[in-house]
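The next block holds one structure in the form of structure tokens; read it before the comments.
We did not get these values from a lab; they are worked out from the coordinates using the rules stated. These figures come from a predicted structure and were not determined experimentally. Here the Cβ positions follow ideal geometry from the backbone for every residue, glycine too, while neighbour counts run over all protein chains shown.
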């Protein structure tokens, strides 16, 4: 089971955090800070796995963004890499050649996509098409109920 | 269309306020509506999310960013106060962004609840997102959404149900799990795959948090595997895996699905290309891996189930394309399954070969996985793994810490009697270069391996000394005492050798002033030279070869005075720890009886006298006491500082535990009939109380003929012996001496008390805690008064009786092995209704785990022997903090 997932930039700025285990806020911040520093310090040639505290961290860098998942000891590390890749593919399909800025300005969408891919720390859907279909349908629901007209910036804006 | 602003699309009002269909609307209501609309236009709309993000990103300094955030937070708070429901969704979204930057956002928690309760999907979507980010089971607020979740789990819109399930899966606190389990169970049976898969994962989370709830999900679970939808299949497999790991009964229950799983897997690999689930030529690797893992669990220790999956595992292992990561992912999981189940030997060969290929792969990730898998399979087939030893040792030099760590652990798993010499050589190199985080673990593993496989005693000592040199202060404390034990029990020639070797290192450290980095080494050296200093300086030891592994013999026999000069240098160094100095000081005192020349004697005396005014109280006390041995009690000095008798090396795991009964045998003849079974039973009790007992138990029953009164003492011996494990934290040097030096004559007892008193740092703060009731049966009450004082907790047992007078009252106690228990003698054995029996127990707990105590009380009332047992675990949890 995934314990948490973090997205952060090469500069160490957090872009997305998803926790599947309950920790106090303070601890979450501490873990995030320490993990970002540790991962950023690793050289590009090194392997994508890091035994860190009691979790196994699997990370991969895509352009300027690091995708980093904390898994349990018995989870398949290579599969976690595939899962990260799948998430990146979905973001890419949704935003159309995704970049860090897309995720910054539409972070809620990035969360929505992740929530259609992973639930409670486990993968829930292995078909890309189904994930994107669900997201599109929900976006449509949102659009339909958002009033048009002179309050055009009514939504999240 | 006279009033276009009432068109539904134009309306900014919530539906309940939308008066388009209101038949009673008149000029007044029109006016009100117009006013409201104008008000909204006039009121500045809140900053849009993307504008806020832009502003924050434009901030050039942290202070600037803070001011933007604080301003926005203040604004958001004010809208929350005004109950502005139109912009709530946007404000929460902004708050979530601010939260990600690390600013506090807890004040948005209740607003998320309001969003969730709103009928609009946008509100719900953002509200649930906020709930997942801002709420967790640590805050009671999270329980407030249980009701909303319940409503939404019954919604007609699948996406609303989906949001609720997703949130439940993310938070899943035990309370929530209990309240909503039945809803989830209903949704697993839903015909809608979108809901079904989410519900299955919620069930997985619920079971993980509250295993008791598993039963109710069992009937709905099995049918998940008959679905076509891969989402449902994978979540179903995940759920079943969790259930199987949860209880052996369920595991057996699911054995019958093995053919189903095999069929699904077979379809996956044989079916043609399916674009929906294809990942670089592999059909749904996610599902394949999950199924392989479940097969592994089902096939473990089960020949029949293993037989059923042999073929498919072979197919997966041979047919999977390995040029990409996905293929290796599946192979990795397959190898683990093959090694874990009772598979055919040909299949195992195949698996080991795959691992061999993995190990040589250029991809670091694959190599890591190979090392990891080899470690997990080394217990199954050591010889297969031994074949890769050279490659594994090569990985010890990898620049990547993850790979080094794996390689190190694997290397230790491969050490055996045949390869110990070469392996240790590599590992010593590794130890020298390794990072601080590895040193402690690596050195203690090396000490263990050396102890287990040492080809000779000399090699063992040499290796230990090298480990001491290379691990420096990272060495675990207990290694010092265990090494001292080994030296102490070695033959005299070896002891001379040890003192010479250690002198060499000690002198080198003193000269190069790196002694502070190697304090454990200094401690062992000080002890050894103190004990065997006469052999060190004696010409008689010239026969001992000091040729090291490079064939060089650069040992120069020191003069007595030079030894003392080095001691002085070390003792006066400001950086050595007090413990090390205590070792050195006692060692120096011992040297006074080993060395013979007058100048060296005088030097020793001068050094010891200077410690009489040392700033550290413990060292000062030692200094004063030891200098007394030159004055008033000079006649006692040779006897007191005599060489210690050989210490018995505790070890031989398993054997001693078995021996213990035999050792007790002679005792039973002498002791009263009644006491004997009690002792045995109590011993069982202690051993039984800790399943991890590995048998390295050492106890020596008192040889004296026990009378009825000192059976307690025998038990005491037993108990304290049990706690004397080699892994127990190192005793301060004083107590090492204390255990072994024969006690002197009564007049010196006062001196000895001071001399050998355990090193207590400052007087610990004594704290009284409430009384704990341990036993209350048939009018007999046993209670503990608890008193806390630093490391040691003192329990005062008070036994009282309501009506009968009890004779032969005997109180016994046992603690888990991580504790140390000292029992004082009881105040009596006869308990009358007016009186009480007290007995003091002192408990040391280096691991600071909560205290558990098993007690047994036996007594005779009206001629009938009674025995009561109890387990006491209601001690205050913070007892040892």
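Observations, loosely collected:
- Top-ranked residue in the range B:311-324 [being in a helix (DSSP H, G or I) and buried (at least 20 other Cβ atoms within 10 Å of the Cβ); ranked as nearest to the other protein chains (Cβ to nearest Cβ)]: B:316
- Test result for residue B:361, without any contact (Cβ under 8 Å) to a residue 60 or more places away in the chain, surrounded by fewer than 17 Cβ atoms within 10 Å (Cβ to Cβ), under 22 Å from residue A:58 (Cα atoms) and in contact with a helix residue (DSSP H, G or I) (Cβ under 7 Å, 6 or more places away or on another chain): yes
- Residue identified as crowded, with 22+ Cβ neighbours inside 10 Å, farther than 23 Å from residue A:105 by Cα, without any contact (Cβ under 8 Å) to a residue 40 or more places away in the chain and touching a helix residue (DSSP H, G or I) at 6+ places or on another chain (Cβ under 8 Å) among B:177, B:181, B:105: B:177
- Residue that is surrounded by the most Cβ atoms within 10 Å (Cβ to Cβ) [pool: residues in the range A:27-47 that are touching a strand residue (DSSP E or B) at 6+ places or on another chain (Cβ under 9 Å) and under 19 Å from residue B:368 (Cα atoms)]: A:39
- Scanning the range B:597-634 for residues that are free of Cβ contacts under 8 Å to residues at least 12 places away in the same chain, surrounded by 14 or more Cβ atoms within 10 Å (Cβ to Cβ) and part of a loop (DSSP other than H, G, I, E, B) turns up just one, B:614.
- Residues (under 18 Å from residue B:411 (Cβ atoms) and buried (at least 22 other Cβ atoms within 10 Å of the Cβ)) located in the range B:451-476: B:463, B:467, B:470, B:471
- Leading residue by the ranking (nearest to the other protein chains (Cβ to nearest Cβ)) among those in the range A:17-46 that are assigned to a loop (DSSP other than H, G, I, E, B) and within 18 Å of the chain's Cα centre (by Cα): A:22
- Unique residue being in a helix (DSSP H, G or I), without any contact (Cβ under 8 Å) to a residue 40 or more places away in the chain and over 29 Å from residue A:23 (Cβ atoms) when the list is B:235, B:250: B:250
- Subset of the range B:279-310 [surrounded by fewer than 19 Cβ atoms within 10 Å (Cβ to Cβ) and facing chain A (nearest Cβ under 10 Å)]: B:280
- Some residue of the range B:72-84 being in contact with a helix residue (DSSP H, G or I) (Cβ under 6 Å, 6 or more places away or on another chain), away from chain A (no Cβ under 14 Å) and free of Cβ contacts under 8 Å to residues at least 24 places away in the same chain: no
- Residues that are under 33 Å from the mean Cα position of the chain (by Cα) and either within 26 Å of residue B:178 (Cβ to Cβ) or more than 11 Å from chain A (Cβ to nearest Cβ) (or both), drawn from the range B:219-242: B:235, B:236, B:237, B:238, B:239, B:240, B:241, B:242
- Residues satisfying the stated conditions in the range B:113-128, i.e. more than 13 Å from chain A (Cβ to nearest Cβ) and either within 22 Å of residue B:101 (Cα to Cα) or surrounded by fewer than 21 Cβ atoms within 10 Å (Cβ to Cβ) (or both): B:113, B:114, B:117
- Search result, residues across the range A:91-113 that are more than 9 Å from chain B (Cβ to nearest Cβ), under 18 Å from residue A:138 (Cα atoms) and in contact with a strand residue (DSSP E or B) (Cβ under 8 Å, 6 or more places away or on another chain): A:110
- Leading residue by the ranking (nearest to the other protein chains (Cβ to nearest Cβ)) among those in the range B:425-443 that are assigned to a helix (DSSP H, G or I) and surrounded by 22 or more Cβ atoms within 10 Å (Cβ to Cβ): B:442
- Conditions (1) out of contact with any helix residue (DSSP H, G or I) (no Cβ under 6 Å at 6 or more places or on another chain); (2) closer than 30 Å to residue B:477 by Cα; (3) in a strand (DSSP E or B); number of the one not met by residue B:850: (3)
- Filtered residues of the range A:117-148 (kept if within 8 Å of chain B (Cβ to nearest Cβ) and assigned to a helix (DSSP H, G or I)): A:128, A:129, A:130, A:134, A:137, A:138, A:141, A:142, A:145
- Wholly enclosed helices (runs of 4 or more DSSP H) of the range B:476-578 bearing at least 1 residues under 41 Å from the mean Cα position of the chain (by Cα) and within 21 Å of residue B:451 (Cα to Cα): B:477-488, B:492-512, B:519-537
- At least 1 residues being over 17 Å from residue B:115 (Cα atoms), more than 13 Å from chain A (Cβ to nearest Cβ) and under 38 Å from the mean Cα position of the chain (by Cα) is the threshold, and among the helices (runs of 4 or more DSSP H) wholly inside the range B:129-203 those reaching it are B:174-188.
- Number of the condition not met by residue A:54 [criteria: (1) within 11 Å of chain B (Cβ to nearest Cβ); (2) surrounded by fewer than 16 Cβ atoms within 10 Å (Cβ to Cβ)]: (1)
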